[in-house]
Structures are given as structure tokens and as C-alpha cells.
Amino acid sequence: MDVADFQIEDGPDGGARLRLTGDWTTMGLARTARRLSDDLGDRPVAELALDQLGRFDTAGALAIVQNLSQPLPKSAWRDRPEAGRIYAMVEKLDRESAAPPPRANALTLTFAKIGRGVYDFGAEAMLSLAFLGRLIVAVGGALKHPGGIRWPAWFSQAERSGLDAIPIIAVTNFFIGAVIAFLGANLLTQFGAGVFTVQLVAVSVLREFAVVITSVLLAGRSASSFAAEIGSMRMNQEVDAMQVMGVNPFQALVIPRLAAMLLMLPLLTFVGMVSGLFGGMLVTWSELAYGPSFFLQRVTEDPNMGTHLMVGLIKAPVFAVVVAAIGCRQGMSVAGDVESLGRRVTAAVVQAIFAIIFLDAVFAMIFLELNL
């Protein structure tokens, strides 16, 4: 195969005589087309020399069409009429093809993106409210007819989303309590108040960190799992099959997961509290030489510790409902493709974590007003 090439000679009437050599095909063009445009400039081509032209296809014709300032007459191809027919077809298609639409300016694109974001937010809010309404109806139906409750599914989901998560919950909260104790011991001893490290660890773990860290871990672990499981069933049309058989998907898929989270998250929060206190106790023992008996005495003798424990446990059921509902709602919204499944699983985790942080701030303001 000969690589495409050309020579430009002086032609009649100030034009150029273009001599094509080699194979003007897809494989033979290489960078010849770019050189042709640079060498010709705005000079019109008055005549073609085709005695050394090899093979010729639509790629070669398109290169000539796009790099010549004006179309070639039919007579220029009299030595190679088959190449002329290919050129005429490509030139006609290029001439009649519509120009690409003008690209909007950056300001318009910015406002359009903001508008689409606002619309998507409103659509998601409406779909979430619709899901909440269906969920309330399904919960009411389950309470009205407890004989239809699928207890095996409840216990299976409780084991998978709750009991199997105990190790990661305990280890994570252990290190959180240890880190708080390290920081407290380092800072408070500078002011001669190292003994208050115990209160710092206890209050932060019981009131905030245990429930928040546990909920965030379950948002990443269980909310994504709920969205992926239900989403896969949606992709395989198993949810539609349930409806055809007269099975309520909310009763079979959503309520067991919601009940499992509602039951297990307070339990896991308590496990996280114990682990966090244990981590803080070990650090205060090693860094400040306060033994376990002293640590436990400081915690139990503080009259406010019961309130902090209650505050942490009150948040757990609310966070459980939010995590389970968001995971199931995103799973139910999966379309029939894998890309939709990935987007919904990601959205389930992100929305659940955001909702946990937001609700924690709301609880903080409420308890502040109640002096709790």
C-alpha cells in the first residue's frame, strides 16, 4: 500500500494543479490531509493530475472536500471517473449536511445546569413523598393484619443488617473513643484538668459519636445493600412479578428491612457506646494512670450521664427509619439498566449520610432548647 501524497504545481489562470499520488484511502491518508490544507491555503485548484493515483475511497474524497476552498468540477475527474463519482457523492453529502448547532455561552450553560438541578431536586422530593405515603399505607396494613407479616424475612434482615455489623461497629467506636480520650488528655492536662477527660469521653460518645458513627456505617453498609438488592430485583422484573401474583412489594421488601433497622440500630448504638467508653477508658488508664474503677466511678456518679444516654438512644430509631427508607426508596427507583443501579446505590449512601448529619443538627437544637 502506497501512502497518499500530493504535489502542487502552477496551473492556468493563477490556480493550482494538484497531482494526487498513492492510495487516498482510510489506511493510506495518515497526515496528508492536514498538509494539503496548509500547503494549498486559499488557492483554488483548477486541474487534477490523476495518473499516479492508486486506490480511492470516501475517506480520501472527504479529505479533498474539506481541504479545498471550492468544489472541483466533474471534468477534473475525467481520467478516473469512478473516483469522480465517489467525490461527487461525498461532496453532496457534505454540502447538504446541517451545520452543528451553535454552542451556548458559559453563562447560559451555568443557569441551565442550575435549573436542571432545581427541577431534579423537586422531582426527587415529590417521588420521596409518594414513597413515604405508600410506606405509611403499607405499615398501616401490616399493623391491621399482623397475620400477614413475613417473620422469616424480618429475622433474616435483622441478622444481616444488624448482628453481622456488630464487629465493625464495635471496632470503629472503640477507636473513636480512644481518639477523643487522646485529644482530651493532651489538651486538658495543660490546664490541670486531666480528670475531666472521663466526662469528655462519656458525653461525646453517649450523646453524639456512638449513634452518629453507627448510623453512618449502616448507611454505607445497609442502605447501599437495600438499594442494590431491590434495584437488582427491579432490573430482573421480579418486583413486577410480585405485583402480578398479588404480593405487595412494600410488604415483602420494604417493611422487613425497615423493621430490622428499627430494631437493630438502637442495639448497635448501645454496642457502640460500650465500645467507645472502653476505648476511652484504656487510653485514660495508659496516659493518665486513671484505672477502670476510677473511670466507671466518674461516669456513674455524674447525674447527667443518664440524660446523655437517653439523648443518644432517642436518635437511633429516627436514624434507623431514615437509613432504611432512603435505601429502599432508591432501590425502588432503579430503571432497567446497570447505570441506573449504580446511580441509585450511590444516591442511597450519600442521601442517608446527609440526612443523618442534618437530623443530628436538628436534634441538637431541640435538646438545647429543652436543656437536655
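Assess whether residue 173 counts as being over 23 Å from residue 358 (Cα atoms) and not charged (D, E, K, R). Taking the combined requirement at face value, the residue does not satisfy it.
The set of residues in segment 110-124 being at pLDDT 85 or above and open to solvent by less than 90 Å² (accessible area, probe 1.4 Å) consists of 110, 112, 115, 117, 120, 122, 123. Is there a residue in segment 321-343 that is over 23 Å from residue 130 (Cβ atoms) and surrounded by 15 or more Cβ atoms within 10 Å (Cβ to Cβ)? Looking through segment 321-343, none of the residues is over 23 Å from residue 130 (Cβ atoms) and surrounded by 15 or more Cβ atoms within 10 Å (Cβ to Cβ).
Yes/no per residue for (1) closer than 12 Å to residue 277 by Cα; (2) part of a helix (DSSP H, G or I); (3) hydrophobic (A, V, I, L, M, F, W, C):
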| residue | (1), (2), (3) |
| --- | --- |
| 138 | no, yes, yes |
| 154 | no, yes, yes |
| 167 | no, yes, no |
| 176 | yes, yes, yes |
| 181 | yes, yes, yes |
| 189 | no, yes, no |
| 199 | yes, yes, no |
| 202 | yes, yes, yes |
| 206 | yes, yes, yes |
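Every condition in (1) surrounded by 19 or more Cβ atoms within 10 Å (Cβ to Cβ); (2) within 30 Å of residue 231 (Cα to Cα) is met by residue 317 except one, and the failing one is (1). For residue 210, state whether it is touching a Ser or Thr at 6+ places or on another chain (Cβ under 7 Å), assigned to a helix (DSSP H, G or I) and modelled with pLDDT under 90. It is false that residue 210 is touching a Ser or Thr at 6+ places or on another chain (Cβ under 7 Å), assigned to a helix (DSSP H, G or I) and modelled with pLDDT under 90. Within segment 73-93, can one find any residue that is touching a residue at least 12 places away in the same chain (Cβ under 8 Å), among the acidic types (Asp, Glu) and surrounded by 15 or more Cβ atoms within 10 Å (Cβ to Cβ)? Within segment 73-93 (the criterion being touching a residue at least 12 places away in the same chain (Cβ under 8 Å), among the acidic types (Asp, Glu) and surrounded by 15 or more Cβ atoms within 10 Å (Cβ to Cβ)), the answer is yes, since at least one residue qualifies. Screening the candidates 36, 93 for the property of being modelled with pLDDT of 80 or more, part of a helix (DSSP H, G or I) and over 15 Å from residue 2 (Cβ atoms) yields one hit, 93. Number of residues in segment 61-76 that are of a type in the set (S, T, N, Q) and either part of a helix (DSSP H, G or I) or within 48 Å of the chain's Cα centre (by Cα) (or both): the value is 3.
On inspection, residue 307 passes the criterion of being open to solvent by 30 Å² or more (accessible area, probe 1.4 Å), of a type in the set (Val, Ile, Thr), in a helix (DSSP H, G or I) and touching a residue at least 40 places away in the same chain (Cβ under 8 Å). Selection of segment 181-215 for residues being among the hydroxyl-bearing types (Ser, Thr, Tyr) and more than 26 Å from residue 269 (Cβ to Cβ) yields only 189.
The number of residues in segment 140-170 being modelled with pLDDT under 80, surrounded by 11 or more Cβ atoms within 10 Å (Cβ to Cβ) and not small (Gly, Ala, Ser) comes to 3.
Table: residues versus (1) farther than 29 Å from residue 171 by Cβ; (2) in contact with a helix residue (DSSP H, G or I) (Cβ under 9 Å, 6 or more places away or on another chain); (3) crowded, with 16+ Cβ neighbours inside 10 Å; (4) at pLDDT 85 or above.
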| residue | (1), (2), (3), (4) |
| --- | --- |
| 237 | yes, no, no, no |
| 243 | yes, yes, no, no |
| 255 | yes, yes, yes, yes |
| 291 | no, yes, no, no |
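The values are calculated or read from the model by the stated rules, or taken from the named source; none is laboratory data. What you see is a predicted model; the values in this text were computed from it and never measured. For neighbour counting, all protein chains shown are included, and Cβ atoms are generated from backbone atoms with ideal geometry for every residue, glycine included. With ligands, DNA and RNA removed, areas are computed over all heavy atoms of the protein, side chains included. Shrake-Rupley method; radii C 1.70, N 1.55, O 1.52, S 1.80 Å.
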